Amino acid sequence: MSDFNQEIDSLKEDLDKAKNKRYRAEARMEELKKNKQKILAELEDLGVAPEELEDKIASLETELEELIAEAKELLPQDILND
């Protein structure tokens with residue numbers, strides 16, 4: 001009989017652990033959902049749709065590279081090399 005009690009106690013402990021993990025996972029999921037909504041709202045404020053984000057990033061990177069190249073061309077090299 002004691003083996004059954006011990007097994008039942010062990011099962012209860014495992015069930016409690018599983019419940020705690022589930023509650024933590026649910027809380028984390030809620031937190032992630034809120035973060036997702038916040039990010040989507042920020043994207044909307046910026047006028048960028050989520051599916052356009054990668055293209056927008058690539059476009060901004062290209063623009064930045066061009067502006068850096070232009071800035072380098074505008075620097076007077078003869079003064080810098082002295």
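Computed from the coordinates by the stated procedures, all read-outs in this text should not be read as laboratory data. Being a predicted model, the structure only gives us computed values, none of them experimental. In this analysis, Cβ positions are derived from the backbone assuming ideal geometry, glycine residues included, and neighbour counts consider all displayed protein chains.
In a simple Cβ point-charge model (Lys, Arg +1; Asp, Glu -1; nothing else charged), the chain has a dipole of about 940 debye relative to its Cα centre. Helical runs assigned H by DSSP (4 residues or longer) give the chain a calculated mean residue ellipticity at 222 nm of -30500 deg cm²/dmol, each run adding -39500 (n - 2.57) before division by the residue total.
Between Ala49, Ile39, Pro76, the Cα set farthest toward the positive side of the dipole of the chain (charges on each charged residue's Cβ, about the Cα centre) is that of Ile39. Computed from Cα atoms, the angle from the helix 2-46 axis to the main principal axis of the chain rounds to 20 degrees.
Under 28 Å of direct C-alpha separation, and excluding same-chain neighbours fewer than eight residues apart, Lys38 reaches these lysines: Lys21, Lys56. For the chain, the longest principal axis of the C-alpha atoms and the axis of helix 53-74 are separated by about 30°.
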